[in-house]
Amino acid sequence: MTDLIQVQPGRITGAGQGLARTAGNSRPVQGPDFSEVLENVQGVRFSSHAQKRLLSREIDLNDENVNRLSDAIDKAEKRGGKSSLVVVDDLAFIVNVPKRTVVTALNASQRGEGVFTQIDSVVFADPATTRLQPSIDIKG
């Protein structure tokens, strides 16, 4: 049997609640929450603290951001990082590398003094890949 879940694109909505709603239906459906889905797909976990920060700071994550975060965690792991600051564009994540768990998340407007302590490495995620759309001449 397949559990139906609905995820608002680009946002972690209702993370940690374990309930989802099907499109056009107001009844809750029991199923995995978004953080569990992400963990299974990308191998990245978000602590409850990080989930709260993502929601309260209105930080939008899409598949590409999470994939880039996962790749950056792989890099930190290969270099022996244990507690890393991972920078993905204008987002910053403090990550427990061995557990592949995001401990907290912040954006440029929430960084305070910009001082991060108790980390052993900083990883800048690879730039986003942009797909160029082929130009089509419809005139003729």
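Which of the residues belonging to the range 46-87 are touching a Lys or Arg at 6+ places or on another chain (Cβ under 7 Å) and modelled with pLDDT under 95?
ASP60
Yes/no matrix, rows are residues, columns are (1) of a type in the set (S, T, N, Q); (2) surrounded by 15 or more Cβ atoms within 10 Å (Cβ to Cβ):
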residue: LYS75; (1), (2): no, yes
residue: ARG79; (1), (2): no, no
residue: VAL87; (1), (2): no, yes
residue: THR101; (1), (2): yes, yes
residue: ASN107; (1), (2): yes, yes
residue: VAL115; (1), (2): no, no
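Within the range 54-86, how many residues are closer than 14 Å to THR101 by Cα and of a type in the set (Lys, Arg)?
Looking only at that region, the number is 1.
Please verify whether THR104 is at pLDDT 85 or above and either part of a strand (DSSP E or B) or closer than 12 Å to ALA72 by Cβ (or both), treating the condition exactly as stated.
On the way: at pLDDT 85 or above: yes; either part of a strand (DSSP E or B) or closer than 12 Å to ALA72 by Cβ (or both): yes.
It is true that THR104 is at pLDDT 85 or above and either part of a strand (DSSP E or B) or closer than 12 Å to ALA72 by Cβ (or both).
The values are calculated or read from the model by the stated rules, or taken from the named source; none is laboratory data. Worth saying up front: this structure is predicted, and the values here are computed from it rather than measured. Don't worry about glycine lacking a Cβ; one is built from the backbone with ideal geometry, like all the others, and counts go over all protein chains shown.
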